[in-house]
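Q: What follows is a structure written as structure tokens; I'll ask about it next.
The values are calculated or read from the model by the stated rules, or taken from the named source; none is laboratory data. Owing to the predicted nature of the structure, the values given are computational and were not obtained by experimental measurement. Cβ coordinates were reconstructed from backbone atoms using ideal geometry, including for glycine residues, and neighbour counts include every protein chain displayed.
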Amino acid sequence: MKRGLLVLALFFPLFAIAQRVSCDNGFAGSYACQSVDLLSQPTNIGATDIWGWTDPDTGIEYAIIFLGGQTTFFDLSDPTAPVEVGRLSATAGKDARVYDNHLFVVDDGGLPGMLVFDLTRLRDVANPPATFEVDAVYDGISRAHNLALDPESGFAFPVLPGSTLCSGELHMVDVRDPMNPTFAGCYDRPRLGGFHDAHCITYDGPDADYTGREVCFGSAGSDGILDIVDITDKSSPASISEAPYPNPAYTHQGWLTEDSRYFLLNDEFDEGSFGINTRTIVFDVSDLDEPEFAFAYLAETSSTDHNLFVKGDYMYQANYGAGFRMLDLSDIDNEIITEVAFFDTSPPGQNGALWGVYPFFESGIVIASDMSRGLFVFQPTVGQTLDTDEAPESRFALAAYPNPFSARTTVILTVGTTQRVAVTVYDVLGREVAVLHDGLLAASEARTLTLEGAGLPGGAYIVRAAGETFEASRSITLVR
């Protein structure tokens, strides 16, 4: 029997907005889902990439999305009713990043260079939507396919640029003075294939040899490898190492885990080339001089994975034909990645393709861009900081996935206030089968627990969570 994708869960309101479309019985309206509520879908035209910005003065979160060929800004003060604040007048845009309250925009063509826009201009728009002119242009490039940016160093890295200043697929720009970006250098790989994308950071990971160095993790396109580069000296960047992986097709994009121990990578064409399910490549990069392919996670869908990001213990992935996927990385050391939530932006029988996702808002909402339907605003109901107008002690979320299950199921519990909680499993006769947790649970922590099916007879079981301020139970089914 094929295991189902049903999560049986009851959630108290995460914030008091009645307009949200809850994910109930596997659907939010016409969209298939799992533990993700739809807060809004304000557009119905195609979009490409997406990013976000939080105003440090007002706390307002903004979506930045390339909608209908223009860089478009949405105020998410009420995420169930986003307000389009305005658009840049330039009719192009492919990728963007934010530094010091300024937006940097690149495009494959159609722009005079890398655009710079002061995002604080979004604060006081009298009659939205407004049309904005850019504040500055860096003309050291004529185009770029993607854009990386290290927020600690203040350097931006247009990827696959067109430039007369130097050759190379990683162009380096000093944006510490955002209104006056200046050329800093280029990295030209020794191989013929170029980077498709890069993740660049000021390194603070497990390899002490590179602490404080600026390092880029390049997804090397048709070369089918991860290329790690030391770019601290912009005049003389140097490759640290390269890491291959099995059956590459096109090395597209990736992101580090928060401890910088693993790099998660998506290969854009491997599903179609090799007839496999959606595959996420995991590299162990704890030693930057000797990175290793660790394992591959295969999803239950066969959609193309396009962009992914990591926040806390979760990976947030945009897949063309399977929408937004959220995966638990807490057991990655044991080569276990578990999908805990999803929202398919393609209704049954209709086309759709999710391009990008942005999970970094403090509120816990997630925004995503679909190539047919534009902006989606989501609220995952697992693995998020709870945000509500209700009293904190009234908040909790309890879910089990997969359900039904055959080998093991994962139970996820989040509470609004720190308290002692016991999570116990009973059979239908009320006999105790297992104690999954008995101890303190911190507020807003998504605690992941595992029930192994080995040694248990098939049938129905009850998971009961009892805290100081709440009690809840869920029915789960073990299939033999």
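Q: When the residues of the stretch 338-370 are filtered to those that are of a type in the set (Val, Ile, Thr) and in a strand (DSSP E or B), which remaining residue is surrounded by the fewest Cβ atoms within 10 Å (Cβ to Cβ)?
A: Across the stretch 338-370, the extreme among qualifying residues is Thr338.
Q: Which pairs have Cβ atoms under 7 Å, sit 6 or more apart or on different chains, and link a residue in the stretch 421-445 that is loosely packed, with under 11 Cβ neighbours inside 10 Å to one that is among the aromatic types (Phe, Trp, Tyr) and part of a strand (DSSP E or B)?
A: Pairs found: Glu432/Tyr426.
Q: So which residues in the stretch 215-262 are surrounded by fewer than 22 Cβ atoms within 10 Å (Cβ to Cβ) and either of a type in the set (Asp, Glu) or not assigned by TED's automatic domain parsing to the domain that holds Ser153 (or both)?
A: Asp223, Asp230, Asp233, Glu242, Glu258, Asp259
Q: Quick check on my filter: what residues within the stretch 314-359 are in contact with a Pro (Cβ under 8 Å, 6 or more places away or on another chain), among the hydroxyl-bearing types (Ser, Thr, Tyr) and touching a residue at least 60 places away in the same chain (Cβ under 8 Å)?
A: In the first step, residues of the stretch 314-359 are kept if they are in contact with a Pro (Cβ under 8 Å, 6 or more places away or on another chain); the result is 314, 316, 326, 341.
Checking which are among the hydroxyl-bearing types (Ser, Thr, Tyr) leaves us with 314, 316.
Within the stretch 314-359, just Tyr314 meets the criteria.
Q: I'd like to verify a number: residues in the stretch 77-108 that are surrounded by fewer than 19 Cβ atoms within 10 Å (Cβ to Cβ) and in contact with a helix residue (DSSP H, G or I) (Cβ under 7 Å, 6 or more places away or on another chain), how many?
A: Adding up the residues that qualify gives 1.
Q: In the stretch 263-314, which residues are basic (Lys, Arg) and in contact with a helix residue (DSSP H, G or I) (Cβ under 9 Å, 6 or more places away or on another chain)? So that I can check it myself, show each step before the final result.
A: Step one: filter the stretch 263-314 for residues basic (Lys, Arg), giving 279, 311.
Of everything in the stretch 263-314, just one residue is basic (Lys, Arg) and in contact with a helix residue (DSSP H, G or I) (Cβ under 9 Å, 6 or more places away or on another chain), namely Arg279.
Q: While we're on this one: Within the stretch 424-475, how many residues are at pLDDT 85 or above and not in a loop (DSSP other than H, G, I, E, B)?
A: Number of matching residues: 26.
Q: What tally of residues in the stretch 384-401 results from selecting those that are modelled with pLDDT of 65 or more and within 14 Å of Ala341 (Cα to Cα)? Don't jump to the end; show me each part of the working.
A: Initially, the stretch 384-401 is screened for residues modelled with pLDDT of 65 or more, giving 396-400.
In the following step, the residues that additionally are within 14 Å of Ala341 (Cα to Cα) were identified as 397-400.
Residues flagged as modelled with pLDDT of 65 or more and within 14 Å of Ala341 (Cα to Cα) within the stretch 384-401 amount to 4.
Q: Further question: Consider only pairs whose beta carbons are under 9 Å apart and that are at least six residues apart or on different chains; among these, list those whose first residue lies in the stretch 136-160 and is under 18 Å from Phe360 (Cβ atoms) and in contact (Cβ under 8 Å) with a residue 40 or more places away in the chain and whose second residue is of a type in the set (S, T, N, Q) and buried (at least 20 other Cβ atoms within 10 Å of the Cβ).
A: Asn146/Gln253
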